[in-house]
Amino acid sequence: MDFAYGARVVNMMIALIIALTFHEAAHALMARLQGDRTPQIDGRLTLNPVPHIDPVGTLIFPLIGAMLGGFIFGWAKPVSVDPRNFRDQKWGQVLVAASGPASNLLLSIVALIGMHFLSGAQDGSVTIGFYRLAEQLVWINAILAIFNMLPVYPLDGGTIVYELLSHDMRRKYEEYVIPYGGFVLLGLMLVGGLSWLGYVAGFWVLLARWMVGLVL
């Protein structure tokens, strides 16, 4: 492995850990704002990545993917919440679920702003490392947000869909969708059914760049 490739792998891993940390911390923060202290008690209301790291999903699995030359994919420990504590029983769970992907889209915009100010970095300089990291943050956060909004349980999109269904439809969702959600996602990954995520992420990056350009 040459130095450039090794640096790219390191940047991808750092960007993924940052993205997953913000994602889970956003869930914890929104739950707290909704009146549930469970994530705070569990130590998840923090930007310290350690409490959020899943050894397999955050480190081993994505590192193998990066070493094999593919795009890294990973996950963190899910944040436990108690919806019975939510102030808004109708929309509380939807807000908690949506806060994770929303935080990643916001972080991708922040990273784009960072790239703007670091655009003059020269190869071999210290700042070029930060530029490359910001570049990875843009794409990894965009893809993570879009992936998590898929309407498949246990992703955030699946939770949102479930909460918006009528009582009768929820029962069908619990019976026919929830038990097989993990297998559906695995199957999609194995057959390349998620390759379109890169195109959607590309559209988001173009849109975000346009928004950043209007401000800066």
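Quick note: the coordinates plus some simple rules give every number you see, no bench work behind them. From a predicted model like this one, the values you see are computed outputs, not experimental measurements. All Cβ positions, even for glycine, are placed from backbone atoms using ideal geometry, and neighbour counts span all protein chains on display.
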Subject >> Burial ordering of ILE109, ILE14, fewest other beta-carbon atoms within 10 Å first >> reply: ILE14, ILE109
**OP:** Mind putting together the pair-distance distribution for the chain? All Cα pairs, 10 Å bins, whole percent per bin, short to long.
**Re:** 8, 30, 36, 20, 5, 1, 0
Original post:
GLN122 versus LYS90, label points 7 Å from Cα toward the beta carbon: distance in nm?
Top reply: 6.1 nm
**OP:** Write down Rg/Rh for the range 66-138, rounded to two decimals, with Rg from the C-alpha atoms and Rh from the Kirkwood relation over Cα pairs.
**Re:** 1.17
**OP:** Find how many whole Å separate the alpha carbon centroid of the range 40-82 from the alpha carbon centroid of the range 103-139.
**Re:** 22 Å
**OP:** Please find the FRET efficiency linking LEU33 to LEU207, where r is the Cβ-Cβ separation and R0 is fixed at 35 Å, and quote it to the nearest 0.05.
**Re:** 0.80
**OP:** Mind jotting down the three principal axis lengths of the range 143-216 based on Cα atoms? Whole angstrom, largest first.
**Re:** 49, 30, 12
**OP:** Would you mind ranking PHE61, PHE147, PHE117 so that the residue whose beta carbon has the fewest other beta carbons within 10 Å leads the list?
**Re:** PHE117, PHE61, PHE147
Subject >> Footprinting exposure proxy for THR58, THR38 (fewest neighbouring C-beta atoms within 10 Å first) >> reply: THR38, THR58
Subject >> Coil-residue chymotrypsin sites (Phe, Trp or Tyr not before Pro) of the range 60-110, DSSP, other Cβ within 10 Å capped at 14 >> reply: TRP91
Original post:
Mean residue ellipticity at 222 nm from the helices of the chain, using -39,500 (n - 2.57) per DSSP H segment of n ≥ 4 over the full residue count, to the nearest 500 deg cm²/dmol?
Top reply: -21000 deg cm²/dmol
